[in-house]
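Engineer: If you scroll down you'll find the structure; I have some questions about it.
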Amino acid sequence: MTLLSTELDATAALRLKMQILHHGIVPTRPFLDHYGAPYLEKRRAYGNADDLAFVGDSLPQEAYLGPARIITSLNIRPASPWRLDWSEEEGFFVGDVHGTVVTPVDFPRRPAFYDYPMSSGGTVKNLITLYGGGSLGIFVYGRCALVDMGKACQYCSIEPNRSKTDIDFANVVSEAKLREALALALTDTAAPIKQIMINGGNFPDPDKSFRYYARLVRAAREVLDESGREDIELHLIVYPPSDLELFAELKGIDVGVAINTEVYDAEIFRKICPGKTVVGGQRHLHDALCRAAEILGPGHVYSILVGGLEPQESMDTGMEFLSGYGVTPIINVFHADPGTPLYSHPEPSIERIREMGTSLERLFREHSFMTPFYMSCGRNSIDTEAYLGLFSRLPA
Ligand code: SF4
């Protein structure tokens, strides 16, 4: 594949993103020597997708490709043919193994709010991470009952990350701290915030867990409304309650809720998501998505599929099922995280990423209620690119 260009157009940027999602990327020594402020450093509130030899380095969390600023994750894989590089003449660039410049590259800037002090000690960055250049990620619970049961989702790196890497995040974010940290972050009007994303692990009781997240979402909505920042969306990623009528607690909050399908194939779901199989099961998950969409309305409910863990046919069936019930499918391309049971599972091929993106793009065309969950800030997600119709513009 020839990508050589100094100014990638949007489709060439998507082609490079697909390459990076498949192969990962590796930083060169000159890159590591020069990367730092004013750029944003990678932080790992949830999992870690990088080769462990690099977790102590200052790395970019993601990159903007081309003038279209297509955003991609930068999962570090030493065997990748793609390089994050730096030279005196070019500055930062993505290159190949020969040091050839493929394209200059830009990175999100480190927001000033990271260093705003909290009243109880520490700073806002101990509670909030800026992802994808525009998403304020608040990971409210740093453990998960499914991990504690020994039945973690097979791709989940919350446990290996939180137990082995240097973590300076609060383990449980209280409502009071969320209010304070969020209010502080929103005073930083130079930070390009597009959305607030609340997620985290599951507490043991699904109903209590859901109520906790719903309470924090209500608090976040109040803080957001008080800030006057009407351009910022509020999102929640949550495991469904046992009592599906609890979704009514989110009515009137104007929040996009993601309840993740993970994989649609029933047999693969049982293998990949053993904890979710025991706590409710796949049928409950599907019932929850339908009920949430009934209660909150089409366009307010989303569901992530991990792209690359099941055949395209079953993924297509799953996306048809979701969109048919008023739920917007999201595809996060699978990345094999160190320390997880799926570490040796290959990332999907470039052709597979293209297929899944093309399927999602078709659904965006067919369903007017669908909008991206990660608009312009999806790193391993390809929903923005599908929404923009970039997959159908790729050369054959
Ligand atoms: S629900 Fe699964 S993916 Fe999410 S934190 Fe728990 S084990 Fe990890």
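The values are calculated or read from the model by the stated rules, or taken from the named source; none is laboratory data. In this text the structure is predicted, and so the values were computed from the model without any measurement. Glycine gets a Cβ as well: all are built from the backbone with ideal geometry, and neighbour counts include every protein chain shown. Note: accessible area is taken over every heavy atom of the protein model, side chains too, but ligands, DNA and RNA are not part of it. Shrake-Rupley method; radii C 1.70, N 1.55, O 1.52, S 1.80 Å.
Engineer: Yes or no: the stretch 177-195 includes at least one residue that is in contact with a Leu (Cβ under 8 Å, 6 or more places away or on another chain), within 27 Å of Lys42 (Cβ to Cβ) and either within 16 Å of the ligand (Cβ to nearest atom) or outside the structural domain of Leu130 (by TED's automatic domain parsing) (or both).
Structural biologist: no
Engineer: Right, another one. Can you say whether Ala49 is in contact with an Asp or Glu (Cβ under 7 Å, 6 or more places away or on another chain), within 16 Å of the ligand (Cβ to nearest atom) and not assigned by TED's automatic domain parsing to the domain that holds Glu355, as far as the supplied structure shows?
Structural biologist: yes
Engineer: So, one more: Take Ile198 and tell me if it is within 16 Å of the ligand (Cβ to nearest atom) and either free of Cβ contacts under 8 Å to residues at least 24 places away in the same chain or open to solvent by 10 Å² or more (accessible area, probe 1.4 Å) (or both).
Structural biologist: No, not satisfied.
Engineer: Looking at (1) crowded, with 17+ Cβ neighbours inside 10 Å; (2) more than 22 Å from Phe139 (Cβ to Cβ); (3) not acidic (Asp, Glu), can you tell me which one Lys271 breaks?
Structural biologist: Checking Lys271 against (1) crowded, with 17+ Cβ neighbours inside 10 Å; (2) more than 22 Å from Phe139 (Cβ to Cβ); (3) not acidic (Asp, Glu), the one that fails is (1).
Engineer: Further question on the same structure: Residues of the stretch 22-65 being of a type in the set (Val, Ile, Thr) and surrounded by 20 or more Cβ atoms within 10 Å (Cβ to Cβ), which ones?
Structural biologist: Ile25, Val26
A quick yes/no check of all residues on (1) among the aliphatic types (A, V, I, L, M); (2) touching an Asp or Glu at 6+ places or on another chain (Cβ under 9 Å):
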site: Glu233; (1), (2): no, yes
site: Asp243; (1), (2): no, yes
site: Gly256; (1), (2): no, yes
site: Ile259; (1), (2): yes, no
site: Ala266; (1), (2): yes, no
site: Phe269; (1), (2): no, yes
site: Gly281; (1), (2): no, no
site: Arg291; (1), (2): no, yes
site: Glu310; (1), (2): no, yes
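Engineer: Then there is this: When you go through (1) outside any loop (DSSP other than H, G, I, E, B); (2) in contact with a Gly (Cβ under 6 Å, 6 or more places away or on another chain); (3) of a type outside the set (D, E, K, R); (4) not assigned by TED's automatic domain parsing to the domain that holds Ile304 one by one for Phe93, which number turns out not to apply?
Structural biologist: Result: Phe93 passes all but (2).
Engineer: Would you please list the contacts, defined by Cβ atoms under 7 Å and residues six or more apart or on different chains, that run from a residue in the stretch 203-219 that is more than 15 Å from Val255 (Cβ to Cβ) and in the same structural domain as Pro241 (by TED's automatic domain parsing) to a residue that is open to solvent by 40 Å² or more (accessible area, probe 1.4 Å) and among the acidic types (Asp, Glu)?
Structural biologist: Note: pairs meeting the criteria are Asp207/Asp243.
Engineer: Tell me, which residue of the stretch 271-314 that is within 14 Å of the ligand (Cβ to nearest atom) and basic (Lys, Arg) is nearest to Val327 (Cα to Cα)?
Structural biologist: That would be Lys276.
Engineer: Filter the stretch 260-270 down to residues that are within 16 Å of the ligand (Cβ to nearest atom) and either of a type in the set (Val, Ile, Thr) or not in a helix (DSSP H, G or I) (or both) and give me whichever is nearest to Lys208 (Cα to Cα).
Structural biologist: Looking at the filtered set, the residue picked out is Asn260.
Engineer: Then there is this: Name the residues in the stretch 121-176 that are within 9 Å of the ligand (Cβ to nearest atom), of a type in the set (A, V, I, L, M, F, W, C) and under 23 Å from Thr72 (Cα atoms), would you?
Structural biologist: Answer for the stretch 121-176, where residues must be within 9 Å of the ligand (Cβ to nearest atom), of a type in the set (A, V, I, L, M, F, W, C) and under 23 Å from Thr72 (Cα atoms): Cys156, Ile158.
Engineer: Here are some conditions: (1) assigned to a helix (DSSP H, G or I); (2) in contact with a strand residue (DSSP E or B) (Cβ under 7 Å, 6 or more places away or on another chain). Ser163 meets all but one. Which one does it not meet?
Structural biologist: (2)
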